[in-house]
1. Between K161 and L65, what is 0.36 nm times their sequence separation minus the Cα-Cα distance? Round to one decimal in nm.
2. Around A324, which amide H atoms from residues at least 5 apart in sequence, or from another chain, sit under 5 Å from its own amide H, with H modelled in the peptide plane?
3. Using the Kyte-Doolittle scale, find the helices of the chain whose mean hydropathy is at least 0.5 and whose Cα atoms extend 30 Å or more along the helix's long axis, counting only whole DSSP H runs.
4. Stokes-Einstein D for the range 178-311 at 37 °C, 0.692 mPa s, Kirkwood Rh over Cα pairs, in µm²/s?
5. At a probe size of 1.4 Å, how large is the accessible area of S43, to the nearest 10 Å²?
6. Within the chain, what whole-number % of the accessible surface is contributed by carbon and sulfur, with the 1.4 Å probe and all protein chains included in the calculation?
7. With every protein chain left in place, what is the accessible area per residue of the range 32-115 in square angstrom, probe 1.4 Å?
8. For the range 12-171, what log10 I(q)/I(0) values come out of the Debye formula at q = 0.14, 0.21 1/Å, with one point per alpha carbon and no solvent?
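The values are calculated or read from the model by the stated rules, or taken from the named source; none is laboratory data. Since the model is a prediction, treat every value here as computed from it, not as a measurement. A quick note on method: Cβ atoms are made from the backbone with ideal geometry, for glycine too, and the neighbour counts reach across all protein chains shown. Ligands, DNA and RNA are stripped out before the accessible areas are found, and what is left, the full protein with its side chains, is counted by its heavy atoms. Shrake-Rupley method; radii C 1.70, N 1.55, O 1.52, S 1.80 Å.
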Amino acid sequence: MSAPPPFESWLRPGPSGLYCVPGDFHIDPHAPVPRAVITHGHSDHARPGHAAVLATADTLQIMKLRLGNGAGGQLQALAYGEPIKVRDVTVRLVPAGHILGSAQVVIEYKGQRAVISGDYKRHGDLTCDPFELVPCDLFVTEATFGLPVYRHEPDRGEVAKLLTSLRDFPDRTHQIGVYGLGKCQRLIALLREAGYDRPIWLHGALRAMTDYYLARGFDLGDVPSVAESKDKLAGEIVLSPPSALGDRWSRRFADPLAGFASGWMRIRGRVRQRGVELPLIISDHCDWPELLQTITETGAREVWVTHGREEALVHEMGKRGIAARALRLVGREDDAE
């Protein structure tokens, strides 16, 4: 029996991103390609202009909302767990737990299984399907928080900090910076779970994506737009893009208290740089222990690392006797977490 072909012979980084040779498609390419498999709707993974796109139904709808006609020429939805033959490989999508519609790409070829995880998290999230562990031979992992310093706090404890601040400063508007797809809706759901039933006010840039979550049946409660308010919203929660913190738009509020929900709020320098009074360590990615746990549990004999602190994770894999390499794919952002 012949040995299986090395992974590099059929799955390799190229000028447009990670390319599956026998399937003739790219995964999350950063430039337009004939055939793309997209893991999720964030802009550094779902780029415009591909001739054909395969993704979950939610990811395709999110791409249409964001990109319009640029979402792709031929769009094909694939349900979680449903196998599809693509030339000489079998492909299926399984939940990544990152945001609504996010998926890991599982590729079977000549008796080997590769899992391209995209972005993923292991913490529970009321607004998306939970991460599904898939045993594999090759695991391609992100490393957004791939340093030992990154250890995320329990999200419910961070929400409790926000609610405590509201009680302590009832005359101030709590303006919280959130990424518009995923983090915004997750924070709203966490607040509702914690019993907060007042309106949660939205910057206009968060409207369309939140409306999509509402249309999908997520119960987010009353989420009016700030433009509908006639007062300064003292004692209220306002969600906005991080770029709106401290800018002219914020002047309409009552002594605004700036918060920011992100895994990067673990780093004091970033808190100071953003002028954040209330850092909320709520991440949609794995922290360092969760990255190591996931890699171990997949049983992968080889690990490829991308999207973040690649070298530290590659070094750690070497210490553990696991073959690892950094892909150094271009076009991956880590600051919009």
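1. 31.3 nm
2. V303
3. Passing helices, by number: none.
4. It diffuses with D of about 195 µm²/s by this estimate.
5. 40 Å²
6. Within the chain, the accessible surface is 51 percent carbon and sulfur.
7. About 36 Å² of surface per residue is accessible.
8. Debye output, listed in q order: -0.72, -1.39.
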